[in-house]
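J.: If you scroll down you'll find the structure; I have some questions about it.
The values are calculated or read from the model by the stated rules, or taken from the named source; none is laboratory data. As the structure is a computational prediction, the values presented were derived from the model and not from experiment. Cβ sites come from the backbone with ideal geometry, for glycine too, and all protein chains shown count toward neighbours.
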Amino acid sequence: MESHQVRNCDDLRKLIDERDVDHVTVALPDMQGLLRGKYMAQGKFIGALDHGFGMPPVIFALDPTDVILDVPGLSDEFTGFPDATVEVIPQTVREIPWEPIHRNLFVMVSHGAQGSAFCPRALYNKISAKAASMGFRAFHACEFEYALFNETAVSAQQKGYRNLESTVPHKGYSVLQRQEVRSDFYADLMDTMRCMRVPLEAVHEEIGFPGQLETSLQYSEGVTAADNAVIFKTFAKAVAQRRGQLLSFMARWSNEADGNSGHVHVSLRDLEGNPVFHDPDKEGGISDTMRYFIGGLQKLLPELLLLLAPNVNSFKRFVPDIFAPTSVAWGQENRTTALRAITGSAASQRVECRIPGADANPYLSLAGTLAAGLYGIEHRIEPAAETTGNAYLQKVPAKLRLPETFGEAIEKFSRSKFAAECFGEPFVTTFVAGRRSQEREFRSLITEAELERFLELS
């Protein structure tokens, strides 16, 4: 049996038995979209297929460096940090290319009832179920920009994360020029993703700064698209690490560099698989359903921005003229707008949301965009007038402007009635508490720019 044939627990047991697997890697996505997990011995894993196993929900209160953020009910002194049961999702099994066959299986897990209110994967599935109840199947594709350095995690830290050595001396949108120089990296990346069944659409250089790359994933249905995205981010970093390099999805790592985006593409089909965003009788082929979807995004994304920009650094990317939006303007094939309507054939017609950074949690950015769009369809929300030309040079109504600061985004999300109703009060409270903890921490830090400006002359 091959791993791609696994559909249920019995199939997975058969695969483990045929390969005499001794350990399985299990992983759970946290609030950041980072995979938390471990090797699990065969006997324990077989038992987990039937009964689950314990993992503490406090992982949803961890930042990327495992600082425990202040989240009541998850990280406070009264919880005792107990385990909650997680369930194995057998159909997510993949194969890690550098592990031997008796230890190369990788499987996603998800919290059951005890932790599902906080679990990003469970949250996306909740929104996907809403789409199904409305007669839709959601399809997504993610694309990520990232930085590649000739550094290791240790060497970067020793340099204070300054003056990092890029893999190339100049920026440029030309894979052909750099392909030979970096062919080994490209080969390792593409081979790894093929082995792990993460379908790639394109890999190329980007122009934001020297050493910036972009990878576009092929579209997939529902939660599989988010699974593919987090697996890509995790194992792309692993590919670099195994080569003695450092790969970063940080939203903006340098004042001299553009940001790293994490754009998401969304389309809907009916339950029979027919695309619903295209109508040849409408202007631009944009159906009423697609138009209302865009209207919902415009109405709700300003208050849901925190799901798409979850860190204090995320907001360093929202600067005019570096292809990061500052409002929820929309336009056909317009990369200066937040919402790019990509028109053409029925099969390819979709909405690209250009707001998320590469640091966003794919489960949350996809859940947020899908939920907002569905609301627009449900309530027949007409979008604002289409933006033509450079959106950065045009005035937009206040209601279309995105929050300008991390703190403003936190407050908008915390007060959002839609967020509470759609995602649940426990999730909103938890997510907000974690973001507020981060905001307070970074607000008190003294930056190099402050020292340079005020130390001597004040």
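J.: Would you point out the residue of the stretch 5-32, among those that are among the polar types (S, T, N, Q) and in contact (Cβ under 8 Å) with a residue 40 or more places away in the chain, that is farthest from Ala48 (Cα to Cα)?
T.: It comes out as Gln32.
J.: Does Arg380 satisfy the condition of being basic (Lys, Arg), free of Cβ contacts under 8 Å to residues at least 24 places away in the same chain and either assigned to a loop (DSSP other than H, G, I, E, B) or out of contact with any Gly (no Cβ under 6 Å at 6 or more places or on another chain) (or both)?
T.: Against the criterion (basic (Lys, Arg), free of Cβ contacts under 8 Å to residues at least 24 places away in the same chain and either assigned to a loop (DSSP other than H, G, I, E, B) or out of contact with any Gly (no Cβ under 6 Å at 6 or more places or on another chain) (or both)), Arg380 does not qualify.
J.: I'd like the full set of residues that are of a type in the set (A, V, I, L, M), under 15 Å from the mean Cα position of the chain (by Cα) and over 17 Å from Pro64 (Cβ atoms), limited to the stretch 232-270.
T.: Val264, Val266
J.: Cβ-Cβ under 6 Å, sequence separation 6+ or interchain: first residue in the stretch 255-266 and free of Cβ contacts under 8 Å to residues at least 60 places away in the same chain and farther than 17 Å from Thr326 by Cβ, partner among the aliphatic types (A, V, I, L, M) and crowded, with 23+ Cβ neighbours inside 10 Å. Which pairs?
T.: none
J.: Looking at (1) in a loop (DSSP other than H, G, I, E, B); (2) in contact with a helix residue (DSSP H, G or I) (Cβ under 7 Å, 6 or more places away or on another chain), which one does Leu300 not meet, given that it meets all the others?
T.: All conditions are met except number (1).
J.: Further question: Out of all the residues in the stretch 153-196, which are among the polar types (S, T, N, Q) and either out of contact with any helix residue (DSSP H, G or I) (no Cβ under 9 Å at 6 or more places or on another chain) or at pLDDT 95 or above (or both)?
T.: Hits for the stretch 153-196 are Ser155, Gln157, Gln158, Asn163, Ser166, Ser174, Gln177, Ser183, Thr192.
J.: For the stretch 218-230, indicate whether the set of residues that are crowded, with 18+ Cβ neighbours inside 10 Å, assigned by TED's automatic domain parsing to the domain that holds Asn255, of a type outside the set (Asp, Glu) and at positive phi is non-empty.
T.: So far as the stretch 218-230 goes, yes, one or more of its residues are crowded, with 18+ Cβ neighbours inside 10 Å, assigned by TED's automatic domain parsing to the domain that holds Asn255, of a type outside the set (Asp, Glu) and at positive phi.
J.: In this structure, does Val86 turn out to be surrounded by 17 or more Cβ atoms within 10 Å (Cβ to Cβ) and at pLDDT 95 or above?
T.: No, not satisfied.
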